[in-house]
Amino acid sequence: MAAIEITGLTKTYTVGFWRKRPKCALKPLTLTVEDGEIFGYLGPNGAGKTTTLKLLMGLIFPSGGGARILGKPMDDPSIKAQIGFLPEQPYFYDYLTAAELLTYYAQLSGVSARERRTRVDDVLHRVGLTDSRRTQLRKLSKGMLQRVGIAQAILHDPKVVFLDEPMSGLDPIGRREVRDLIATLKEEGKTVFFSTHILSDAEALCDRVAVLNKGELRVIGSVGELTSRAQGRVEVIYQGIRAAALDRLVIESHSTGETTRIIVAQDSLDAAIEAIRRANAKLLSVNPVRSTLEDYFVEKIADPVEAVP
Amino acid sequence: MNSRNRVTTAATLILLVCLGGAATFVRKLDRLRGDAALQETLYIPSPVVLKRMSLGYTGLLADIYWTRVVQYFGGHHHEGAMEYKLLAPLLDITTTLDPHLVVAYEFGGTFLAQKPPEGAGDPDAAARLVERGIRENPDAWRLYYHLGFIDYIERHDAKAAADAFERGSRVPGAHPWMKIMAATMAEHGGDPNTAKLLWTKIYENTEDKLIKANAAKHLRSIKANEDIAYLDQLVAAYQQRVGQLPQSWNEMISAGYLRGVPVDPSGTPYRLQSNGRVQVQHPEDFSFLSEGAQPSR
Amino acid sequence: MSARVGYIAWNTFREAVRDRVLYNLIFFALLMVGASLLFGQISIGISKIVLVNLGLTAISLFGVIIAIFIGIVLVSKEIEKKTLYTILSRPVRRWEFIVGKFGGLTWTLVVNTTCMALGFFAALLALTHSFVRADVYLLIAIYFIVLQFVVVTAIALLFSSFSSPVLSAVFALALFVIGTFSEDLRGFAAMSQGGTRVLATAVAYIVPNFGSLNVISQVAHEMPISSQLVLYNTAYSLLYAAAAIAGAVLIFERRNLK
């Protein structure tokens, strides 16, 4: 059974005070997320990612279409106990402590009184906030609040976890921790659907991604599929003066002190190495460059819709 | 969608039912409390305190009190004279909050002075109120009229009345007939026509519906009084000529004393009793009948 | 289902307390102490009347203002700041949220009023040195004030389910003032004609009726309160509050949360 099945889900707002104009925040969206997948939902700011999540959570109501989560319609209250949600830039009750907040949420999620204490302690430990359990939320840093947010999303052991920009506001260490956490969630058999505009995170974690732009789904597929077109580039690092002959061949170039890193086309590799040798520069390394999602992104975002491969 | 619709329907039902229920209890409460809102005026320590407590919004509060007065005394709330005792304090409050609410002084001038059941029967309180109104509103020449009226009709003091009219006539903008009233008062203090003139002037010149209606009542009663006096004379003349009392108007018509059946100002024929006395069919329509309108000398 | 409503109510109460709402009690206590000291020294013969008037009016007004402002702030804040998102993604129905909030706010006001009442009775005792039988009616007056809070809170919630915090506060305050004079409004309506009369009568019955809930001047003069009045007031307030909350649920249920 698919964890999430979205069919033709769309949302249109009317904007304007006098002359009401329709504004389409999400064009009809159809996609499926399989059980146990980590699914990345990508797109620039304003693409409609948060809109999609809010529709799935029942915070806003669709203009058309629908979705099923764990086989049940998305507005069925009984599935709420089995999903977790972390909104973008979450805000919580300032005057509660981390433990109190999580206990409250556990109560609302129907966690039994016996289990509450252990669950809260466990999840606090998991996100690394055990020391701050008695600190009022208004005193926590943004990164810690983000971790509280993740904690409340997983505390009731949901089957599907929805995260909206889970890495936002985190320092590199925090981001690494969240990445690891998401990976662990998958190991526990959970399905993770997260939206982000940071492509390297998606690349590292996701089984499949979908790319959204201006409310429209552009493409969906595995990371490998999307980046498999080897752009045929090679990275060469050498030490020494820049050889003039290289300038013609170089796609990209970056120098730090005596070391230079250039990108050349596969076909031009031999010519480049020859030029370096002739300039008496010292060749340090030669590596093929895998294209990234970013390349794909930049290339594709301006283009018309591409069919699903 | 389904659960959402269920909740919507339930909420709509609860909303309508509870609102309806609440409205019925409002009616019950209104009936229970009756004039409680007015009764509360008796508990206010003093109008000056109320003025301070109204935080400067005295005008609005005065208007609210004024409409309470009108609504209560103009409506059909008072069966019986018992609640006129609230009128004086209410008017006191209203005029303290807004000393320039001239209509309140006029109202008090009329309804505080009149005898029960048409008024509170306290001409002195009425005069005090109107005099205060005059102090606060020197330009309101009509108040002098009310003062003179109270003096003449209720206190039977034609001289004081003349004096009031005289003072009023000197206010710039006063109607010229104030002078005439002053003169009439002085000369024809005891004349029944004077009262008729007074009421007619009030009727013609007041803007307040209740005061106007009251004046109309008085005028009808005066007319009825005159009619009855005249008819009594006719009956006596008939008796003298024919030798016995007439048993019906038709007899008097055939004898040439009347042209048609005499009717009172409300259009109902007068009643000729067997002992020769003339009466109105419905005395309750003529509240001021028994008194007439003549000051005793 | 009802357990969640209880949890939300308790959390609302906790938030109000920690948000230092109850600090208003300090101000009230100072007021009461000051007043009873002052009136104790001036023998003006009606010091009890004035203290009762002052104390009960303060309880009433403070409470209405608190009811409006926490009622609005606590709900609008949740909607604006998106704490609501993590609540509604759980098995919490929207109507449970509204009802729970209402319960928590009402409970906060009851606690607040109880503390104020204690302070008031203490001040009264300090002034009169003993209670009389008629002082029972003071409790009834306070009960009516609590009923008033229930209605005001429901109205505040109704407005904040669709309107911005500032507008909600303004509307709620306006309705409170209008509701105080609703008896006069019904009088006006009875004196008008035609279409105006229909409209005015409808409005006069829909606005809340606070006049009958204010028995402060009566109890200050130790006049008794009829049990019928207690019954009618209770029924009215609960029905009206239920209607307002139903309205809030209705609006909130269909609202898109941006």
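The values are calculated or read from the model by the stated rules, or taken from the named source; none is laboratory data. Every value quoted in this text rests on a predicted model; they were computed, and no experiment measured them. Cβ coordinates were reconstructed from backbone atoms using ideal geometry, including for glycine residues, and neighbour counts include every protein chain displayed.
For the stretch B:190-245, the candidate set comprises residues that are outside any helix (DSSP H, G or I) and either modelled with pLDDT of 85 or more or polar (S, T, N, Q) (or both); within that set, the residue that is surrounded by the most Cβ atoms within 10 Å (Cβ to Cβ) is B:THR206.
Residues in the stretch B:104-123 that are surrounded by fewer than 19 Cβ atoms within 10 Å (Cβ to Cβ) and at negative phi: B:LYS115, B:PRO116, B:PRO117, B:GLU118. The helices (runs of 4 or more DSSP H) found wholly in the stretch A:211-309 and carrying at least 3 residues that are at pLDDT below 70 occupy A:293-301.
Taken residue by residue, the stretch C:94-107 has no member that is out of contact with any strand residue (DSSP E or B) (no Cβ under 9 Å at 6 or more places or on another chain), hydroxyl-bearing (Ser, Thr, Tyr) and within 14 Å of another protein chain (Cβ to nearest Cβ). Within the stretch C:1-17, restricting attention to residues that are more than 16 Å from C:ALA67 (Cα to Cα) and surrounded by 14 or more Cβ atoms within 10 Å (Cβ to Cβ), the residue that is farthest from the chain's Cα centre (by Cα) is C:ARG4. With respect to the conditions (1) free of Cβ contacts under 8 Å to residues at least 24 places away in the same chain; (2) facing chain B (nearest Cβ under 9 Å); (3) within 30 Å of C:LEU54 (Cα to Cα), C:VAL170 falls short on a single one, namely (2).
Exactly one residue out of A:PRO166, A:PRO158 is assigned to a loop (DSSP other than H, G, I, E, B), buried (at least 18 other Cβ atoms within 10 Å of the Cβ) and more than 15 Å from the chain's Cα centre (by Cα): that is A:PRO158. Any residue at all in the stretch C:55-70 that is under 14 Å from C:ASN11 (Cα atoms), part of a helix (DSSP H, G or I) and not acidic (Asp, Glu)? Checking the stretch C:55-70: at least one residue is under 14 Å from C:ASN11 (Cα atoms), part of a helix (DSSP H, G or I) and not acidic (Asp, Glu).
The residues of the stretch A:87-118 that are away from every other protein chain (no Cβ under 14 Å) and among the basic types (Lys, Arg), listed by number, are A:ARG114, A:ARG117.
The helices (runs of 4 or more DSSP H) found wholly in the stretch C:185-258 and carrying at least 1 residues that are at the interface with chain B (Cβ under 7 Å from one of its Cβ atoms) and touching a Gly at 6+ places or on another chain (Cβ under 7 Å) occupy C:227-253. Among the residues of the stretch C:219-229, are any in contact (Cβ under 8 Å) with a residue 12 or more places away in the chain, more than 25 Å from C:GLY104 (Cα to Cα), surrounded by 17 or more Cβ atoms within 10 Å (Cβ to Cβ) and touching an Asp or Glu at 6+ places or on another chain (Cβ under 6 Å)? No, the stretch C:219-229 has no match at all. Scan the stretch A:160-201 for residues that are more than 18 Å from A:LYS142 (Cα to Cα) and either touching a Phe, Trp or Tyr at 6+ places or on another chain (Cβ under 8 Å) or among the hydroxyl-bearing types (Ser, Thr, Tyr) (or both) and jot them down. Within the stretch A:160-201, A:VAL160, A:VAL161, A:PHE162, A:ILE182, A:THR184, A:THR191, A:VAL192, A:PHE193, A:PHE194, A:SER195, A:LEU199, A:SER200 meet the criteria. When the stretch C:183-210 is filtered for residues that are under 26 Å from the mean Cα position of the chain (by Cα) and modelled with pLDDT of 90 or more, the ones remaining, listed by number, are C:ALA200, C:THR201, C:ALA202, C:VAL203, C:ALA204, C:TYR205, C:ILE206, C:VAL207, C:PRO208, C:ASN209, C:PHE210. Among the residues of the stretch B:154-167, are any touching a residue at least 40 places away in the same chain (Cβ under 8 Å), touching a helix residue (DSSP H, G or I) at 6+ places or on another chain (Cβ under 9 Å) and either of a type in the set (A, V, I, L, M, F, W, C) or not assigned by TED's automatic domain parsing to the domain that holds B:PHE107 (or both)? Yes: one or more hits.
In the stretch A:21-39, is there at least one residue being free of Cβ contacts under 8 Å to residues at least 60 places away in the same chain and touching a helix residue (DSSP H, G or I) at 6+ places or on another chain (Cβ under 8 Å)? Within the stretch A:21-39, not a single residue is free of Cβ contacts under 8 Å to residues at least 60 places away in the same chain and touching a helix residue (DSSP H, G or I) at 6+ places or on another chain (Cβ under 8 Å).
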